[in-house]
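Chemist: Here it is, the structure, as structure tokens.
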Amino acid sequence: MDENKKKYVDRFRGRIIFPVKSLNNSIFALGGRALSKTTFAKYINSPETEFYKKGNNLYNINSAQESRSKTEEIFIVEGYMDVVTLHKFGIQNVVANLGTAMTQRQLDLVWKFFKKPIICFDGDISGRKAALRAAERLFPLMKAEFNIYFLTLPENLDPDSFINKEGKDSFLKLLERKKDIQNFIWDCYFQEVDNSDPHSLTLFEKKIKSLCKDINDKTLAKYFLDDFSKRINELTPNINYKKNNFLKYKKTYSPLQKTKEVYKRIDRFEERDLKEFSLFYLVMKNLDVFRKNIELISEVVFSKDSMNDFKKKLIEYLLSEKFFEKKILNPADFDQKYFDLISIINTNAPVKIIHINKDEAEVISLFSEVINEIKKIELKKKIEFLENKVSLNLDEKLYSELLLLRNQLKGG
């Protein structure tokens with residue numbers, strides 16, 4: 001709507017139209033490329049809706065996924081024309097990221113069909129910077145069974161211009177230069193290092209270690225850090241550098257640290273973990289209340305097997321002679337793994353639960369409040385999951401289910 005002229009105008013006038021399709025080939029958005037260089041904004045897209053969210057989708061994924069039986073590789077490029085031109089030259093395993101920074105949902109969508117995505121951004125300075133930012137953002141999401149590669153094009157060329165100029169064979173030959181994500185990050189960071197300056201090397205090492213620390217898969221993080229540590233050691237042969245920092249780390253790795261590691265993700269507990277710790281803390285500090293209301297804790301299903309095991313042990317303890325004799329919870333009465341878990345629970349209890357009065361009604365009320373908060377967390381996850389599915393597949397049943405869940409969340 002043109003507010004000045006009070007009339008409707010074509011959003012995509014004077015532009016080439018690119019239909020964006022879901023996995024079932026339904027058109028649910030449009031992209032438009034300006035035909036004139038003087039037109040404001042080279043590219044525009046349909047506004048985001050319940051069905052269409054750029055960060056959840058990839059241009060041409062509907063067609064590209066048909067190549068999954070032929071190859072584990074897929075090119076991820078920046079523009080619509082990159083996809084169209086590569087298709088013209090017979091390269092069908094290609095998608096574009098719709099002008100967004102590469103998101104976790106887009107990566108999960110690619111990994112659903114291809115184990116070895118190749119990010120192929122423009123060869124100019126902005127394209128290379130965008131590739132490094134993508135690598136830093138995606139590195140924590142790495143999984144043992146998947147990989148991510150980066151392909152740097154020659155200076156100031158994008159996939160469209162390169163393949164038109166050099167041809168398909170030359171473009172595919174560039175694959176010999178592709179780097180997996182850890183080597184790409186290393187090379188980008190190392191370009192800024194002054195090998196003779198300890199301060200420069202220190203900053204370099206800290207950046208590398210910080211990235212490894214953020215990886216969700218801690219076993220994979222161990223091997224990445226081990227590889228990086230060996231390389232740093234080769235840069236500083238005259239320094240008594242530990243070849244494997246994890247060897248030193250394991251010597252002082254207590255059972256409590258191991259338990260923490262199970263629950264830790266990116267240096268913090270997840271929201272649901274903290275809520276569940278709150279429930280246990282309430283029970284452990286109000287044993288008499290929950291002995292009389294044991295069904296409250298019995299009915300809770302926790303998110304992790306270790307937590308459900310601890311719940312059973314706690315209930316057994318409340319019903320045991322030891323409890324009637326002592327009326328307190330003694331961690332020494334539990335196995336080491338539960339002793340460690342008790343320590344974590346105590347450490348992460350929120351202030352409002354620590355300072356609650358011993359009044360039975362207040363304790364039970366707070367217990368119910370935390371249970372409702374956990375239900376909301378799960379409801380939000382289901383809504384997010386359905387939003388993603390709806391954006392990929394225009395399914396009326398899924399959308400109705402999504403609306404129902406949203407109304408439940410609003411209703412508390």
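Chemist: Nothing charged except the Cβ atoms of Lys and Arg (+1) and of Asp and Glu (-1): what's the magnitude of the dipole of region 15-185 about its Cα centre? Round to the nearest 20 debye.
Modeler: Working: 25 positive and 19 negative charges, 31 e Å.
Taking the Cα centre of region 15-185 as origin, the dipole is about 140 debye.
Chemist: Let me ask something else about it. Considering the Cα positions of region 15-81, please state its Rg to one decimal place and its Dmax as a whole number of Å.
Modeler: Cα only, region 15-81: 13.5, 43 Å (Rg, Dmax).
Chemist: Can you give me the orientation-averaged projected area of the convex hull built on the Cα atoms of region 82-132, in nm²?
Modeler: Values: hull surface 16.0 nm².
Averaged projected area of region 82-132's Cα convex hull equals 4.0 nm².
Chemist: Please provide three numbers in whole Å: the alpha-carbon extents of region 15-185 along the principal axes, with the largest listed first.
Modeler: 39, 36, 29
Chemist: So what J values fall out for region 149-156 if you push phi through Karplus, 6.51 cos²θ - 1.76 cosθ + 1.60 with θ = phi - 60°, rounded to Hz, Gly and Pro as x?
Modeler: After applying 6.51 cos²θ - 1.76 cosθ + 1.60, I find 10, 10, 10, 9, 7, x, 3, 6 Hz.
Chemist: Hey, can you grab everything whose amide H is under 5 Å from the amide H of PHE75? Only 5+ residues off in sequence or another chain; H modelled, so Pro and N-termini drop out.
Modeler: Correct list: VAL94, VAL95, ILE118.
Chemist: Provide the per-residue ³J(HN,Hα) series for region 164-174, in order, calculated from phi with Karplus coefficients 6.51, -1.76, 1.60 and θ = phi - 60°, each as a whole number of Hz, with x at glycine and proline positions.
Modeler: 5, 7, 9, x, 5, 4, 5, 5, 5, 5, 4
No value in this document is a laboratory result; all are computed from the given coordinates. This one's a predicted model, so the numbers in the text were calculated from it and none came from an experiment. Cβ: placed from backbone, ideal geometry, glycine included. Neighbour counts: every protein chain shown.
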